[in-house]
Amino acid sequence: MTTPEPILRTESLTMRFGGLTAVRDFSIDVPRGSIVGLIGPNGAGKTTVFNIITGFYKPTQGRVLFDGKDITSLPPYTVCREGISRTFQNIRLFTNETVLENVMIGCHVRRKAKWWMAPLGLPLFRKEEEEIREKSMKLLEAVGLAQLANENSGSLPYGAQRRLEIARALATDPKFLLLDEPAAGMNPYETRELMKFIQSIRERFGITILLIEHDMKVVMGVCEYIWVLDYGVRIAEGNPDEIQSNKKVIVAYLGEEYVKYVEN
């Protein structure tokens, strides 16, 4: 059986903030077309890894390769144009804009018309703006929010805001999508729907997904492979069954005293 070609590779990533090492020697290969997870206790370095991959941080050491290209030193907007998009742990919508306008903003990273064409009302700008509107409506239909297109995004229920943030990320036409705790704050029903949603967008848009998540039902339910961080160091990797039975992982989450108590 051949292993799918990695779409993303990190090589010995290390990130230091003064005397604190947030991530140390972190290397992974993410297979193209997969749904994979990065988990670990609070403060393990997961979001730091996301920030390095997406260009918000430049690592102290190591490289990030995407589609065979070194993107380590690229700024976030260029990383996005290369085909990597993300959501954030704390939802970052433009709350004073409509649902439709939020998605349209995501489309602008690919627009060809120049900003100065807008006040002149040039045909190229108007045509592209209409295409962006149509594309955004289709994305809202795909995430089940089309009927709310003209609502203020800040008025949406929490689960719908999460879907909207993902729709905005999809508007950038990514090949690789990073989801930072997408189930945070969701009730059990919303979480079950989110799991179906994540699987459906992989199939519908043909993208690779890497997610950070504390809800183990989500991780074990959708991820095909998982890496585990603790204090910035990778302590385990494997499929969901292997991770659930890994003693190092159990100790990291529940503590060594708990493990000793259960064993005795």
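If the viscosity is 1.306 mPa s and the temperature 10 °C, what Stokes-Einstein diffusion coefficient in µm²/s follows for the stretch 134-181 when Rh is the Kirkwood radius over Cα pairs? The Stokes-Einstein estimate is 142 µm²/s. In plain terms, the bigger the Kirkwood radius, the slower the diffusion; for the chain, with that radius from Cα pairs, at 25 °C and 0.890 mPa s, Stokes-Einstein puts D at 125 µm²/s.
Just so you know, the averaged projected area of the alpha carbon convex hull for the stretch 1-84 sits at 6.0 nm². What is the list of residues in the stretch 166-188 whose amide nitrogen lies under 11 Å from a point 7 angstrom out from the Cα of residue 134, following Cα to Cβ? So the set is empty, nothing qualifies. The distance between label points at residue 21 and residue 235 comes to 1.6 nm (points 7 Å beyond Cα on the Cα→Cβ vector).
Once the chain from residue 82 to residue 69 is taken as fully extended at 0.36 nm per residue, the excess over their C-alpha distance is 3.7 nm.
Could you pull out which residues in the stretch 74-107 have an amide N less than 13 Å from a spot 7 Å beyond the Cα of residue 173, following the Cα-Cβ vector? Residues 81-84, 107 fall inside that zone. Applying 1/(1 + (r/R0)^6) with R0 = 51 Å to the Cβ-Cβ distance of residue 96 and residue 247 gives a FRET efficiency near 0.55. Here is the tail figure for the stretch 121-250: Cα pairs spaced more than 19 Å apart come to 57 percent of all pairs. A Förster radius of 25 Å combined with the Cβ-Cβ distance from residue 89 to residue 127 puts the calculated FRET efficiency at roughly 0.10.
Could you tell me how far the Cα centroid of the stretch 187-237 sits from the Cα centroid of the stretch 38-105, in Å? Taking the Cα centre of the stretch 187-237 as reference, the centre of the stretch 38-105 is 16 Å away. Under 17 Å Cα to Cα from residue 247, which aspartates and glutamates show up? Leave out anything in the same chain fewer than 8 places away. Answer for residue 247, where 17 Å is the Cα cut-off: 230, 237, 256, 257, 263, listed by chain and number.
Readers should treat all values here as calculations from the given coordinates under stated rules, not as data from a laboratory. All of these numbers come straight from a predicted model, not from anything done at the bench. Counting neighbours? That spans all protein chains shown, and the Cβs are built from the backbone with ideal geometry, glycine included.
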